Ligand SMILES: C[S@@+](CC[C@H](N)C(=O)[O-])C[C@H]1O[C@@H](n2cnc3c(N)ncnc32)[C@H](O)[C@@H]1O
């Protein structure tokens with residue numbers, strides 16, 4: 001039966017075989033690897049992935065699509081909202097670190113990226129199709145207009161690279177935006193920063209990105225009498241990721 005794309009689930013199905021081939025080539029799945037696909041949909045990527053890696057776990061929220069996928073023995077289907085899936089537990093149950101892939105629903109792509117953050121140590125790599133503008137923000141360097149909270153929080157844990165641009169015509173129905181595939185490689189030993197503290201610091205700093213940090217971050221800097229090497233005469237967008245991490249570490253009890 002023909003499936004009508006559901007807007008509320010961000011359904012844009014890949015319909016360009018050359019793009020699918022290119023993405024699967026970039027992922028380069030191998031037999032025995034613990035591969036997880038988020039949002040397999042009608043299986044555009046699922047089929048070539050499973051042909052190469054023999055077994056695949058898929059996470060799909062749409063009940064009808066999940067039912068179709070369950071007919072296939074090589075797939076372990078988790079019918080769920082991906083934001084409720086415990087990826088650390090999934091990794092524990094798998095042979096090795098997870099390789100996570102997906103043409104993500106764009107309406108919840110940032111929540112998905114943040115949901116995966118705590119499991120980064122159990123992940124080998126992530127390849128996601130996202131709105132191109134989101135990929136640009138993820139990979140942005142300081143002093144650029146795209147540099148912000150998303151850049152800092154993700155560049156803390158991952159090496160991030162945009163690996164393929166994809167036009168709207170590659171999907172059915174076509175999205176209104178350009179897309180890109182991003183590769184995310186978790187760092188083996190990122191600084192052991194308190195994620196909640198870093199998140200709060202960075203969100204506060206960027207809430208008024210043109211203001212000097214001595215104004216926006218005053219609450220922390222005064223309260224902890226912070227007198228380290230952190231230059232507060234800068235704006236949020238001028239501060240490299242490493243400096244935010246050093247500040248968060250300095251403000252973590254027991255780390256000073
Ligand atoms: C952009 S489509 C991609 C479909 C397919 N992978 C493709 O490339 O043709 C996004 C997929 O994610 C599924 N999805 C949407 N929200 C989800 C959620 N919260 N958890 C899991 N899957 C979700 C949709 O039903 C859809 O199958």
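Taking the options 207, 179, name whichever one is out of contact with any strand residue (DSSP E or B) (no Cβ under 9 Å at 6 or more places or on another chain) and within 20 Å of residue 134 (Cβ to Cβ). Before the answer, list the steps.
Values: 179 fails: out of contact with any strand residue (DSSP E or B) (no Cβ under 9 Å at 6 or more places or on another chain).
That would be 207, the only listed residue that is out of contact with any strand residue (DSSP E or B) (no Cβ under 9 Å at 6 or more places or on another chain) and within 20 Å of residue 134 (Cβ to Cβ).
At pLDDT below 95 and more than 9 Å from the ligand (Cβ to nearest atom) - does that describe any residue in the stretch 7-21? Yes, the stretch 7-21 contains a residue that is at pLDDT below 95 and more than 9 Å from the ligand (Cβ to nearest atom). Give the stretch 88-112 a look and list any residue that's within 14 Å of the ligand (Cβ to nearest atom) and either over 16 Å from the mean Cα position of the chain (by Cα) or over 19 Å from residue 29 (Cα atoms) (or both), or say none. Passing the criteria: 90, 105, 106, 107, 108, 109, 110, 111, 112. For the stretch 22-42, a residue qualifies if it is surrounded by 14 or more Cβ atoms within 10 Å (Cβ to Cβ) and modelled with pLDDT under 95, and the qualifying residues are 33, 34. The condition of being assigned by the TED database to the domain that holds residue 156, away from the ligand (no atom under 11 Å from the Cβ) and either more than 22 Å from residue 241 (Cβ to Cβ) or modelled with pLDDT under 95 (or both) holds for only one of 52, 137, that being 52.
Of these, 82, 77, which one is within 10 Å of the ligand (Cβ to nearest atom) and either assigned by the TED database to the domain that holds residue 180 or within 15 Å of the chain's Cα centre (by Cα) (or both)? Break it down into steps so the answer makes sense when it comes.
On the way: 77 fails: within 10 Å of the ligand (Cβ to nearest atom).
Only one candidate qualifies: 82.
When the test is whether a residue is modelled with pLDDT of 95 or more, in contact with a helix residue (DSSP H, G or I) (Cβ under 6 Å, 6 or more places away or on another chain) and not in a strand (DSSP E or B), residue 175 passes it.
The values are calculated or read from the model by the stated rules, or taken from the named source; none is laboratory data. None of these values were measured; they are calculated from a predicted model. As a convention, Cβ positions derive from the backbone with ideal geometry for all residues, glycine included, and neighbour counts pool all protein chains shown.
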